[in-house]
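Please read the structure below before turning to the comments.
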Amino acid sequence: MAATETPPSPALHGTSDATVAVDAELRSERAARARIAAAELTARDVTGVVVGWIDNAGVCRVKTVPVRQLEHAAAWGVGAAPCFDVFLVDDSITESTWIGGPVGDLRLVPDLDRLVPLAAQPGWAWAPGDRVTQDGHVHPGCARQFTRRMCDAAADRGFALRAGFEVEWIAARAGSADRAAGVTEAGAMPEVSTDGPAYGMTRVVECSDYLRDILRALDAQGLTVLQLHPEYTPGQFEVSVAAEDPVGAADSAVLVRHTVRAVSARHGLRVSFAPVVTPGAVGNGGHLHLSLWRDGLNLMHGGDGRHGLTAPGEAFLAGIVDALPALVAVGAPSMASYLRLVPSHWAGAYRCWGLENREAAVRLITGSAGERESGANAEVKCFDAAANPYLAMGAVIAAGLDGVARGAELPPETTVDP
Ligand code: GLU
Ligand code: MG
């Protein structure tokens, strides 16, 4: 767009939530809830609340408030500069005609529905934040509210979504990861937490207390862990949590990462969620699982289409497959993402789909007989944790809804290693 064009009005981007910060009733309702929450937190010895948001380099940026300020923060938000929309992963700040910059202020409003004491950071609680303007409009760059709008758009068409991110990371002895990242010693690699065989019990034995503490902390924070396992690369692990609504799923992915980081620090470990940590090795994915629902029925199952897909289920997936080249810009956004997206790394580097095909960017999962009604879903495998999970989630939903609107059809299935 030419620099002379008028910037889009926030009202065009934020519709139903446009009054989020100015509506006096909403504000006092939030304040009242925060008062009660603050009393509960204080009783649990919590002193500070982290209010976080994710930038477009996948970095979690935060403001924190003492518990006694939670009421004010919930009512009025906490100040946050708009420049964070153009922060890069190395903390340099770029420019944009439409968003960001050093001038102006946004209000970061903690979502009290997700407020939770952090099990591995005693004295701290966490809540994801929504960003609004000082005039009370939804900030166009607030990816969390973008996902919410895409869910509303799906709901307008009678659809609901269930989603979940897998979180993969590599744990290394504190200090050693820095050497590897800094190329300070020729070829220095991180001294990983464990280097037994891939998916091997050795890794669970060597990291027994560490992994137990991760499970305990996630559970204490109300997350339903489905699975925790050692991954392929030395020092690599993965957690998956139960599916929930898309905003909740992105929140949970963020909370899992915070928790893994905090537990790791307590065990003298540093973690990396980067797409690639060691050149050539299998990297860390941020696979996104998604299913489309209508009237309480999973549209990924029970239809006449391939592998039981219903017509809207297929159209939704076809919209995603069609949009993959654009979606990787959002879901695999860093240079390192492209070191990960290579063949034979189960990273989903190929623009195709297939039943249980781990080399396809979109892997269809029907689940086991008997569990398919609830379990059938599709996994977007090409994404990683350098993505803003909210932006990636919203973009995938938008692409899927576009497919439904067009009555898109899936291309032929890829049934072999592409
Ligand atoms: N670590 C692989 C990736 O980069 C994924 C392995 C798996 O399928 O879980 O996406
Ligand atoms: Mg994995």
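The values are calculated or read from the model by the stated rules, or taken from the named source; none is laboratory data. A quick note: this is a predicted structure, and the numbers were derived from the prediction, not measured. Note: ideal-geometry Cβ built from the backbone for every residue, glycine included; neighbour counts use all protein chains shown.
Run down V239, V247 and say which single residue is farther than 14 Å from Q121 by Cα, among the hydrophobic types (A, V, I, L, M, F, W, C), more than 16 Å from ligand 2 (Cβ to nearest atom) and modelled with pLDDT of 95 or more.
On inspection, the qualifying residue turns out to be V247.
Among the candidates G367, G319, which residue alone is at pLDDT below 95 and farther than 15 Å from A163 by Cβ?
Going through G367, G319 in turn, just one is at pLDDT below 95 and farther than 15 Å from A163 by Cβ: G367.
Show the residue pairs that are 6+ apart or on different chains and have beta-carbon atoms under 8 Å apart, the first residue being within segment 343-365 and free of Cβ contacts under 8 Å to residues at least 12 places away in the same chain, the second being buried (at least 20 other Cβ atoms within 10 Å of the Cβ).
Matching pairs, first to second residue: E356/R363; E356/L364.
Can R372 be described as touching a helix residue (DSSP H, G or I) at 6+ places or on another chain (Cβ under 6 Å), charged (D, E, K, R) and over 28 Å from V260 (Cα atoms)?
So R372 does not fit the description; no.
Mind checking whether some residue in segment 330-348 is within 22 Å of L309 (Cα to Cα) and either at pLDDT 95 or above or within 16 Å of ligand 2 (Cβ to nearest atom) (or both)?
yes
Can you say whether T310 is farther than 30 Å from E373 by Cα and either over 19 Å from the mean Cα position of the chain (by Cα) or modelled with pLDDT under 95 (or both), as far as the supplied structure shows?
no
From the residues in segment 120-137 that are crowded, with 19+ Cβ neighbours inside 10 Å and in contact with a Ser or Thr (Cβ under 8 Å, 6 or more places away or on another chain), which one is nearest to L41 (Cα to Cα)?
W124
With the condition kept exactly as written, say whether any residue in segment 290-308 is within 13 Å of ligand 1 (Cβ to nearest atom), surrounded by fewer than 24 Cβ atoms within 10 Å (Cβ to Cβ) and assigned to a strand (DSSP E or B).
So far as segment 290-308 goes, no, none of its residues is within 13 Å of ligand 1 (Cβ to nearest atom), surrounded by fewer than 24 Cβ atoms within 10 Å (Cβ to Cβ) and assigned to a strand (DSSP E or B).
Can you name every residue in segment 77-98 that is in contact (Cβ under 8 Å) with a residue 24 or more places away in the chain, surrounded by fewer than 17 Cβ atoms within 10 Å (Cβ to Cβ) and either farther than 26 Å from A34 by Cα or touching a helix residue (DSSP H, G or I) at 6+ places or on another chain (Cβ under 6 Å) (or both)?
Residues satisfying the conditions are L88, V89, T97, W98.
Could you list all residues from segment 224-248 that are surrounded by 19 or more Cβ atoms within 10 Å (Cβ to Cβ), hydrophobic (A, V, I, L, M, F, W, C), closer than 24 Å to S208 by Cβ and away from ligand 1 (no atom under 12 Å from the Cβ)?
Hit for segment 224-248 is V241, nothing else.
What single numbered condition from (1) closer than 20 Å to K381 by Cα; (2) within 16 Å of ligand 2 (Cβ to nearest atom) fails to hold for V260?
Condition (1) is where V260 drops out.
What are the residues in segment 132-150 that are within 21 Å of R257 (Cα to Cα) and either outside any helix (DSSP H, G or I) or in contact with a Lys or Arg (Cβ under 6 Å, 6 or more places away or on another chain) (or both), if any?
The one that is within 21 Å of R257 (Cα to Cα) and either outside any helix (DSSP H, G or I) or in contact with a Lys or Arg (Cβ under 6 Å, 6 or more places away or on another chain) (or both): C142.
With segment 184-275 as the region, which helices (runs of 4 or more DSSP H) entirely inside it contain at least 3 residues that are among the hydrophobic types (A, V, I, L, M, F, W, C) and in contact with a helix residue (DSSP H, G or I) (Cβ under 9 Å, 6 or more places away or on another chain)?
208-220, 246-266
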